[in-house]
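First up is the structure itself, then whatever we jot down about it.
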Amino acid sequence: KEVIDWDLQLTRWADEYGLDEAFFAEHYTLGGGPSPAPVAMIAAASQMTKRIRRGAAAHLLPYHSPVALAHRMMWLDHMTDGRYTAGVAPGAYPSDARLFGTGKKNPQMMAEALDIIEAIWTRQGPFKIEGEFFSVDMPAYDDDIHGPHLKPHQPRIPVLMTGMQAKSPTLAEAGRRGYPPLSQGVHESALVQHWETYAAAAEAAGHTPDRADWRICRDVFVAETDDQARDLVLNGAMGNLWGKYNIPT
């Protein structure tokens, strides 16, 4: 509850201070960053902010039914009056993959799920997609039930794709689909390769990559003094995450 309240307070301040976007993560097994339900956080934030865009960074597609998630995303788009960004990712933490039993199939599952989500957002039924991991059988409109009817509020829901590895296959997938990239907190040498990887895939698919669309995530930790901030980071959850996972990655 303390984490939930603090994240929502930060979002209220961000809205008040004129920041443009607030994103909520999705993790299941990280004790230092508990956040299994960005959908719930975005919904809560929509009721206490006025102008800021809210999104997920990111919805971990292998761990959801894409049919259900596509509808939750559209519902959030209406709830936020079109100020919703659908960040997506395959999931970076092996402990999460173990929890859901996805093995090493997360990248393929993400791509397949995204095909279904895009179809639900943009196509009228009837249509059927049968994949290796997921499927959808969208019925035609029925006058008796007045549906299926739901479509996004925005003409096109913005989709970000997050990547972390220097030559991230997720960022390459973002380039192929024409989605803006979001780089997780990594060293500048990896960031250079992020852009090269993304831009090459985008241009090969006929898209024009624009650095103005590129989001880069950075950690900011504020305490009463610099020494206190450094101690809390290096000897806390953030230092543990960087030392054991982010830097080796």
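The values are calculated or read from the model by the stated rules, or taken from the named source; none is laboratory data. Nothing here was measured: the structure is a model prediction, and the numbers come from that model. As a convention, Cβ positions derive from the backbone with ideal geometry for all residues, glycine included, and neighbour counts pool all protein chains shown. SASA here: full protein model, heavy atoms, side chains in, ligands and nucleic acids out. Shrake-Rupley method; radii C 1.70, N 1.55, O 1.52, S 1.80 Å.
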Only loop residues by DSSP count here, and only those with at most 16 other Cβ atoms within 10 Å; note down the GluC sites (Glu not before Pro) in segment 73-135 that meet that.
GLU132
Restricting to Cα pairs below 8 Å that are 6+ residues apart, what does the relative contact order work out to for segment 87-198? Please round to a whole percent.
21 percent
By how many degrees, 0 to 90 and rounded to 10, does the Cα axis of helix 2-16 deviate from the longest principal axis of the chain?
80 degrees
Most fluctuating residue of ASP20, ASP77, ASP115 in a GNM of the chain with Cα springs under 10 Å: which is it?
ASP20
For Kirkwood radius over Cα pairs in Å the list reads (1) 19.3; (2) 21.7; (3) 18.5; the calculated value is entry (1)
Fraction of accessible area attributable to carbon and sulfur, the chain (%, probe 1.4 Å)
54 percent
Take the alpha-carbon centre of segment 4-42, take the same for segment 67-127, and report the distance between them in whole Å.
19 Å
Choice from TYR17, TYR179, TYR198 with maximal GNM fluctuation in the chain (Cα, 10 Å cutoff)
TYR17
Can you tell me the accessible area per residue over the chain, all protein chains present, probe 1.4 angstrom, in square angstrom?
55 Å²
Leaving out same-chain residues fewer than 8 places away, which aspartates and glutamates sit with a Cα under 17 Å from that of LYS50?
ASP7, ASP15, GLU16, ASP20, GLU21, ASP77, ASP81
With an 8 Å Cα cut-off and a minimum separation of 6 or more residues, compute the relative contact order for the chain in percent.
13 percent
Could you identify which residue out of PRO155, PRO180, PRO209 has the top mean-square fluctuation in a GNM of the chain using Cα springs shorter than 10 Å?
PRO155
What is the helix-to-structure angle for 106-122, meaning the angle in degrees between its Cα long axis and the longest Cα principal axis of the chain, kept from 0 to 90 and rounded to the nearest 10?
50 degrees
The answer for the net charge of residues other than MET110 whose Cβ lies under 15 angstrom from its Cβ, with Lys and Arg +1 and Asp and Glu -1, is -3
